[in-house]
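See structure below.
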Amino acid sequence: VYKRQAKPKKAASAPFSPHPLWEQQLEHIRKMREAGPAAPVDLFGCAELGKRHAASPEHMRLQTLISSMLSSQTTDLVNEKAMGRLYEACGITIEGLEELGEDGIGEVIKPVSFYTAKAANIIKVCKILKVRLGKDGGER
């Protein structure tokens, strides 16, 4: 008769302890960033892209949402260019995005990674926003 062997017990993991110099490192990072934007994300990140061309706080939130959707597996620079083309094509409004349609959005946002899936998701989000949030990408 075969007897199942008991699994060896795992050793308890040591509790987390931060690097002893973490506070010093954080202070160095703060000093480096005092001079202003130094990284591409500071210039082309989703939050910055949402502010461009924003006609209202609601429009800014929608643009930030769309930019965030495009950003996965895509560089900030490619995302920035795609957002610029999208703004030119439809103004990045719910109505404009729906009018452009899934295929149109896909063509405009190329070469964003997974652009066909992202275009489909943008259309889905537009429908959800219209129904649930009264056309605003950020009501709470």
### Close pairs (8 angstrom Cβ cut-off, 6 or more residues apart or separate chains): open to solvent by less than 30 Å² (accessible area, probe 1.4 Å) in region 108-129, of a type in the set (S, T, N, Q) and in a helix (DSSP H, G or I) anywhere
VAL112/ASN79
### Query
Quick one: what pairs do we get from region 30-52, first residue touching a residue at least 12 places away in the same chain (Cβ under 8 Å) and among the hydroxyl-bearing types (Ser, Thr, Tyr), second part of a loop (DSSP other than H, G, I, E, B) and surrounded by fewer than 11 Cβ atoms within 10 Å (Cβ to Cβ), C-beta under 8 Å, 6+ apart or different chains?
none
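Can you work out which of the residues in region 73-107 that are of a type in the set (A, V, I, L, M) and over 18 Å from ALA55 (Cα atoms) is surrounded by the most Cβ atoms within 10 Å (Cβ to Cβ)?
The extreme case among them is ILE105.
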### Query
Which ones in region 112-134 are within 16 Å of the chain's Cα centre (by Cα), of a type outside the set (Phe, Trp, Tyr) and outside any helix (DSSP H, G or I)?
VAL112, SER113
## Note on the structure
Checked LEU70, LEU49, LEU77 against criteria (touching an Asp or Glu at 6+ places or on another chain (Cβ under 7 Å) and of a type outside the set (Phe, Trp, Tyr)); the one match is LEU49
### Task
Filter the helices (runs of 4 or more DSSP H) completely within region 1-56 down to those with at least 3 residues that are touching a Ser or Thr at 6+ places or on another chain (Cβ under 6 Å).
46-51
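The values are calculated or read from the model by the stated rules, or taken from the named source; none is laboratory data. Remember, predicted model here, so these are calculated numbers, not experimental data. Cβ: placed from backbone, ideal geometry, glycine included. Neighbour counts: every protein chain shown. Protein only, heavy atoms only, side chains kept; ligands, DNA and RNA dropped before computing areas. Shrake-Rupley method; radii C 1.70, N 1.55, O 1.52, S 1.80 Å.
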